[in-house]
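The values are calculated or read from the model by the stated rules, or taken from the named source; none is laboratory data. Values in this document were obtained by computation on a predicted structure and should not be read as measured data. Heads up, the Cβs are rebuilt from the backbone with ideal geometry, glycines too, and the neighbour counts pull from every protein chain shown.
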């Protein structure tokens, strides 16, 4: 007999308490958006009856997942909205959306021509052209493309040394670290090496697909997801668990693959960790030992990005950073920065995106830290552009605060 | 991960107790699945240096010799939350501090003793406006500690609506909720 | 006491039979008075599956009913397109049916009987059935496709009443029949009570039609005639969303809980059949045993129901009639019973129309109206089978919602689905009017105003029957206050708000109590908190 009332995608557990609406950053700033309850579980009941009830305003959802974190009933509200967009929105994606979404295809092109791309993207008239022709807002500072990708650097400078370690992990670097910010990936390698882990790249790593999902390019995202899961399985079979740095990639790999793309990852899930989670556990269990730089000091404010909030692993970052003797860490009130990946880059979303981020920007300005600690790459763009306060990834903070040489001596087998 | 006190539930009772304990110098972590209808600011707790696991959910724990040693959560995987004392502030049915089946009411995390009437026809009054018996159900305690199979779990303190006889749909409910939180705070401070 | 004798016919009962009879009589040019003690569709009309029978269910045992059903099925599809959804239906055979003697041999008999009755029934393979309806019990060994559908009984009843009124009928709701005005063996009219004002009145007409469903038993007694009625309670459960999109039946001898109907935004399982005393007909409670039985049988049709949230339970009473030819009263007819009490009992001026089913209401109305016309000496033919109902002239949501200018809101689409081509009468001009009052069911303030102005709404229950307000997942928790306020203002008496809301909450509470566990109980706690302790959100803004 009936034990509990749960439907397959549990939308009907929604009690209509509307707490999701109180945290939705879009609803508060865009009157055209019906909000998570109406777009998600309410809408779903009527979409099941007739597809005519699909509402175009679902496109305004930025998939920050704050509704899911707020939901006391465990309803996967954002997934319902994304799923409805996949099922009912038959309009093909715009060229602009495809450009923004194809991070791993645009990336290689842009890197090759990085000086030109960076120069032209920073130029007023060019941005106006982008604004007018493909709808990328001209106020946006486009992410810079590095002239040499991380993978290129790694193969040339680091790969050879990795087999010399006793313990090994595979590194899912993601598009951002590879194309836009190789220094983060280099810091990762330095820190992992110092703790005695050899770092390996996975052949055929693809973009996690988050931007493709957000822009409706589902078949392409699914293809990439399958390739990634294949690469993960191979790595696990070879005895190397996977460590990630990007919270958004991680959320996509762990949550969106099975939920939205229907790509199974059950056997892989427990072998994937965020780097902060991985290191916290290794240090807490005594598996590795850190040696901190004498006299290193910093006053930082931690901003928990939306997708980290959804993953619920932010506690590992804060506990790890609190281990640093010279670290004075305050935690910012949890708010969305407004960028949400490619969302804030679109002209129609720019104003809303800045409005969404305002409470966070104000908090940061009030806290006046030396820098903001944050795991997310797109938050970094948005916060730096909007507040002028530098944003550092926790991995880069570790690379600074650790005495890498002594740490590596201590952890050498 | 070790704390002095782990508070399960981030509603009125849980956050009030957590903030007071954190301010008194104990290291506290609150596990809060979803926001609470009792919209207490979690800012103060964080400002006092407390650790808030928002959107995570306690799934169970290890009880040994009448003590709760640690709890597991959905998100932290094999990392457990250990503490000297635990506060159970999971509320009633809405927040799933209690779960009702067709013929029974139980406490889902630890299987604590719940006071309820097995005859479901007695749970409700025909009039919506009348007092409703199902809202009186809740866990049993002895000197503030939770009971399981009649024996106390000495370091697990249920507070707020998960307790029998306390319901926010009653009159003067917040008083009773806050009183129960305060009692647990005093008991925990006394232990430390 | 005012005495009014301006009518050709008085019809007692605002269920689908009375509404259909009022429409037919009015369309044949008669001056009609329809009286109903509550609101329209409050009895069995509003308390059934909402199944648009193909007739297949009756084909083996009762070919006459089957033939009636399929004929009326086709008629309703053409005259009530806004009330009908062409879902199609399946009759499935499960492995356990084989053991009970209703295996694939019976399926063959079933298909033959259907075809003989004119029902297009076709066997398909289990895998085709699973593809057609993914929620169907996957262990099925056979399936037959039939032209079942779903019908919204509230909408259907309302459309009949509206059309009757458009043809000049006077409709008095909240008007209770007290007694007949009688002279010797002739019924001259009725004494009634306005239940809201407490005023009594008399209305006279040469013919009175007793269309009061199970309560018709009591109405007939007042005329001193006896109809051997058999009140058969049927309980049903409403699930939180559409689990299936095709009606699912069991291909076996009809039994309890073997029909699963998707209707509007929900799925309904039913029904049971128990004889109840007449005294209980006014207040049906669904018992725990009925809930368990419906769940058990429902899960056999569609295993997902085991873990699907139940919104509420409700029960209606079928007005079954014992066969006049059987003195023991044991032989029950499921067919239409139209009694001319002059020839049957020597009481002039009274016709009773009862038995039958929602599906055949139009035919029942035609038979009753024929009887009325015979008595009045009126010679007009019935045209109800060819004339679309209001809202259904061009009633499909896809066509109706194209009529709006600019971006069509969810509230407008919802209204288009419910009100059909009458949606143009709803005034969506201001932003205020476009705002949703009921977010579960997409009901706007504009639609509420329209229902009050045009559809005779007096209470929130009445409003629910016209608009689905408060019928969704939260059972009104979030919208009752807003709806009550809007209704009170529209009725011209803002002080009614509290009473309207309180009455509605008790009614919702009744349906939820029967299934008060799991997520339904969570919702019940939420409801209690919202209305008794605190208001987490502002209900003041509409």
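Figures for the structure shown
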item	result
Residue match in segment B:71-78 (condition: crowded, with 19+ Cβ neighbours inside 10 Å, more than 28 Å from residue B:173 (Cβ to Cβ) and touching a strand residue (DSSP E or B) at 6+ places or on another chain (Cβ under 6 Å))	yes
Within segment B:36-51, tally of residues that are at the interface with chain A (Cβ under 8 Å from one of its Cβ atoms) and at pLDDT 90 or above	1
Residue in segment B:101-116 that is more than 25 Å from residue A:13 (Cα to Cα) and in a strand (DSSP E or B) present	yes
Test: residue in segment B:123-132 that is surrounded by fewer than 15 Cβ atoms within 10 Å (Cβ to Cβ), more than 9 Å from chain C (Cβ to nearest Cβ) and out of contact with any strand residue (DSSP E or B) (no Cβ under 9 Å at 6 or more places or on another chain)	yes
Qualifying residue in segment A:46-64 (condition: closer than 27 Å to residue A:209 by Cβ, within 14 Å of chain B (Cβ to nearest Cβ) and surrounded by 24 or more Cβ atoms within 10 Å (Cβ to Cβ))	yes
In segment A:268-281, residue nearest to the other protein chains (Cβ to nearest Cβ) [restricted to those that are in a helix (DSSP H, G or I) and surrounded by 19 or more Cβ atoms within 10 Å (Cβ to Cβ)]	A:281
Verdict on residue B:107 being at pLDDT 95 or above and closer than 24 Å to residue A:19 by Cβ	yes
Filter result for residue A:297 (closer than 30 Å to residue A:359 by Cα, surrounded by fewer than 16 Cβ atoms within 10 Å (Cβ to Cβ) and either out of contact with any strand residue (DSSP E or B) (no Cβ under 9 Å at 6 or more places or on another chain) or within 14 Å of chain B (Cβ to nearest Cβ) (or both))	no
Top-ranked residue of segment A:300-333 - restricted to ones that are assigned to a loop (DSSP other than H, G, I, E, B) and surrounded by fewer than 23 Cβ atoms within 10 Å (Cβ to Cβ), ranked as nearest to the chain's Cα centre (by Cα)	A:312
Single unsatisfied condition, residue B:79 versus (1) in contact with a helix residue (DSSP H, G or I) (Cβ under 6 Å, 6 or more places away or on another chain); (2) within 8 Å of chain A (Cβ to nearest Cβ)	(1)
Residue satisfying condition, being touching a strand residue (DSSP E or B) at 6+ places or on another chain (Cβ under 6 Å) and within 12 Å of another protein chain (Cβ to nearest Cβ), within set B:135, B:156, B:163, B:98	B:98
Failed condition for residue C:314, given (1) within 17 Å of the chain's Cα centre (by Cα); (2) in contact (Cβ under 8 Å) with a residue 40 or more places away in the chain; (3) crowded, with 24+ Cβ neighbours inside 10 Å; (4) more than 10 Å from every other protein chain (Cβ to nearest Cβ)	(3)
Conditions (1) at pLDDT below 95; (2) surrounded by fewer than 24 Cβ atoms within 10 Å (Cβ to Cβ); (3) touching a strand residue (DSSP E or B) at 6+ places or on another chain (Cβ under 9 Å); (4) within 10 Å of another protein chain (Cβ to nearest Cβ): number failed by residue C:307	(3)
Segments classed as helices (runs of 4 or more DSSP H), wholly inside segment C:1-110, with at least 2 members that are under 22 Å from the mean Cα position of the chain (by Cα) and within 21 Å of residue C:419 (Cβ to Cβ)	C:16-27, C:63-79
Residue match in segment C:448-458 (condition: away from chain A (no Cβ under 12 Å), assigned to a helix (DSSP H, G or I) and touching a strand residue (DSSP E or B) at 6+ places or on another chain (Cβ under 7 Å))	yes
Which listed residue, of A:51, A:43, A:35, is at pLDDT 90 or above and closer than 13 Å to residue C:241 by Cβ	A:43
Qualifying residues in segment A:7-32 (those that are surrounded by 18 or more Cβ atoms within 10 Å (Cβ to Cβ) and modelled with pLDDT under 85) - the one farthest from the other protein chains (Cβ to nearest Cβ)	A:10
Test: residue in segment C:457-469 that is over 24 Å from the mean Cα position of the chain (by Cα) and either closer than 30 Å to residue B:128 by Cβ or surrounded by fewer than 24 Cβ atoms within 10 Å (Cβ to Cβ) (or both)	no
All positions within segment A:253-267 that are in a helix (DSSP H, G or I) and either under 19 Å from the mean Cα position of the chain (by Cα) or closer than 15 Å to residue A:223 by Cβ (or both)	A:253, A:254, A:255, A:256, A:257, A:258, A:259, A:260, A:261
Test for residue B:61: is it surrounded by fewer than 18 Cβ atoms within 10 Å (Cβ to Cβ), out of contact with any helix residue (DSSP H, G or I) (no Cβ under 7 Å at 6 or more places or on another chain), more than 9 Å from chain A (Cβ to nearest Cβ) and at pLDDT 95 or above	no
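Residue-by-condition table, conditions (1) crowded, with 18+ Cβ neighbours inside 10 Å; (2) in contact with a helix residue (DSSP H, G or I) (Cβ under 6 Å, 6 or more places away or on another chain):
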site	(1), (2)
A:353	yes, yes
A:385	no, no
A:391	yes, yes
A:401	yes, no
A:410	no, no
